[in-house]
Amino acid sequence: MPQTSLRGSGDPLDAVRAWWRAWERRDPAALDSLALYDYFEFTGSADRHTVGKDAFLRVAQASFGRGTLAAWSIRDEVVRRLGDVAVCSYHWEQSGTLDGKPFTARGVATDVLRWRDGSWMYLAHHTTRATR
């Protein structure tokens, strides 16, 4: 599935939404185009703490084999920009399947993006699941 180009989009939230759509579509090429080489993430579980774009793409591919993201939403977005860096915080909700079983999850996320070559790209992604 072709990715919509984000080139020239001055809104970092366009990249955040593209990120979630890439997960929904199970599209490693889109994730590759959105992540910087020195990307890192921590999602609150040991198997999802990755450093480096190559490691992230391997984890993403393995995740695509285990489940699907059927629906997602983000809300209460806050963006802080400092030159070519943007920090985006928001609440997220998602549902789908994992290892053949349905799941739902929600929490908060913080994404650090950098303006590079005419688009916002991911430097870091951190999520914390809500416990209630």
- Residue span Glu93 to Val79: 0.36 nm per residue of separation minus Cα-Cα distance leaves a gain in nm of 3.2 nm
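Efficiency by 1/(1 + (r/R0)^6): what FRET value for Thr104 and Gln61, r their Cβ-Cβ distance, R0 = 30 Å, to the nearest 0.05? Walk me through the numbers on the way to the answer.
Working: r = 23 Å, r/R0 = 0.78.
Efficiency, from the Cβ-Cβ distance: 0.80.
Answer rounded, prolate or oblate for segment 76-132, using the Cα gyration tensor with square roots of eigenvalues a ≥ b ≥ c: rounded when a/c is under 1.5, else prolate when a/b is larger than b/c, else oblate. Display every interim value, and only then the final one.
Values: a/c = 3.64, a/b = 2.04, b/c = 1.78.
Here segment 76-132 falls in the prolate category.
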- Query: By how many degrees, between 0 and 90 and to the nearest 10, does the Cα long axis of helix 12-25 differ from the longest principal axis of the chain?
  - Reply: 30
- Note on the structure: A student applying the Cα gyration tensor rule (rounded when a/c is under 1.5; otherwise prolate if a/b is larger than b/c, oblate if not) would label segment 16-72 oblate
- Choice from Ala22, Ala30, Ala105 showing the highest fluctuation, given a GNM over the chain with Cα pairs closer than 10 Å: Ala105
- Where labels lie 7 Å past Cα in the beta-carbon direction, separation of Glu24 and Asp11 in nm: 1.5
- Message: Which of Gly96, Gly107, Gly118 ends up with the largest GNM mean-square fluctuation for the chain, with Cα atoms connected below 10 Å?
- Response: Gly118
- Which ³J(HN,Hα) values in Hz, rounded to whole numbers, follow from the phi angles of segment 89-100 under the Karplus curve 6.51 cos²θ - 1.76 cosθ + 1.60, where θ = phi - 60° and Gly and Pro get x? 10, 6, 8, 10, 9, 8, 8, x, 10, 9, 6, x
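Bear in mind that the values in this text are calculations on the coordinates, not laboratory data. Being a predicted model, the structure only gives us computed values, none of them experimental. Every residue, glycine as well, gets a Cβ built from its backbone with ideal geometry; the counts of neighbours run over all protein chains shown.
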